[in-house]
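The values are calculated or read from the model by the stated rules, or taken from the named source; none is laboratory data. Everything quoted here is computed from the prediction, not taken from an experiment. Glycine gets a Cβ as well: all are built from the backbone with ideal geometry, and neighbour counts include every protein chain shown.
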Amino acid sequence: MINTIWFFLMVVGIIVGIINGRLEEVTQAAMDSASLAVQLCIGFIGIWALWLGLMKVAEKSGFIRGIGKVLSPITSILFPQVPKDHPAMGAMVMNMAANMMGLGNGATPLGLIAMKELQKLNPHKTRASNAMCLFLVINTSSITLIPTTVVALRMSTGSSQPTEIIGTALIATTISTLVGIISVKLLEKREG
């Protein structure tokens with residue numbers, strides 16, 4: 001679907017460029033944007049390597065496990081239908097920890113593992129369980145302590161203060177996560 005939308009937007013842009021006699025400007029903008037995309041990706045490589053390396057060190061040193069222990073009482077309350085020592089709980093906690101560090105792409109494999117494990121606990125295999133829905137909401141909104149991707153993007157574009165977004169990102173993601181959790185819990189009660 002998204003490919004269709006992008007294709008439609010590109011075709012409309014080209015048609016409007018032809019109608020207005022600005023096809024050369026449309027072509028130049030496309031080339032400039034492609035060049036900028038490559039520069040941004042190359043700029044991200046070093047920053048991502050640093051943060052992913054730090055996450056690996058944090059995982060090996062037990063820091064992530066420590067975050068898991070801190071989150072354990074909260075996850076037990078939020079996910080009462082998931083046994084405490086189930087692999088789904090471990091994958092969810094690791095996913096949340098990676099998201100808190102702003103590593104959305106690094107958290108994705110853990111989220112997929114968590115969903116696979118939650119599906120094993122799901123009594124209705126053709127629809128998502130309450131735990132799956134809640135985890136999806138938490139994963140999507142995720143409280144972010146360090147918005148690594150945004151900081152990296154700001155650094156790669158030459159921002160003089162790339163980390164100034166941290167405070168507002170923490171406030172916004174905390175509020176969005178709380179609203180999401182409350183919404184899911186209210187809808188769970190309505191269903192039951």
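For this structure, a couple of remarks:
- In segment 70-106, the residue that is farthest from GLY167 (Cα to Cα) out of those that are in a helix (DSSP H, G or I) and of a type in the set (Val, Ile, Thr) is ILE77.
- Residue within segment 16-33 that is among the hydrophobic types (A, V, I, L, M, F, W, C), out of contact with any Gly (no Cβ under 6 Å at 6 or more places or on another chain), part of a helix (DSSP H, G or I) and surrounded by 15 or more Cβ atoms within 10 Å (Cβ to Cβ) present: no
- Within segment 90-148, the set of residues being β-branched (Val, Ile, Thr) and either in contact with a Cys (Cβ under 8 Å, 6 or more places away or on another chain) or within 24 Å of GLU188 (Cβ to Cβ) (or both) comprises VAL93, ILE113, THR126, VAL137, ILE138, THR140, ILE143.
- So THR75, is it more than 16 Å from ILE146 (Cα to Cα), more than 16 Å from the chain's Cα centre (by Cα) and not basic (Lys, Arg): yes
- Within segment 81-90, considering residues that are farther than 15 Å from VAL70 by Cα and among the aliphatic types (A, V, I, L, M), the one nearest to the chain's Cα centre (by Cα): ALA88
- When each of GLN119, GLN81, GLN28 is tested for being closer than 30 Å to MET155 by Cβ and not hydrophobic (A, V, I, L, M, F, W, C), the lone residue that passes is GLN28.
- Options ILE67, ILE45: the member that is at pLDDT below 90, under 24 Å from ALA172 (Cα atoms) and assigned to a helix (DSSP H, G or I): ILE67
- Set ALA98, ALA88: member being hydrophobic (A, V, I, L, M, F, W, C), under 29 Å from SER156 (Cα atoms) and crowded, with 17+ Cβ neighbours inside 10 Å: ALA98
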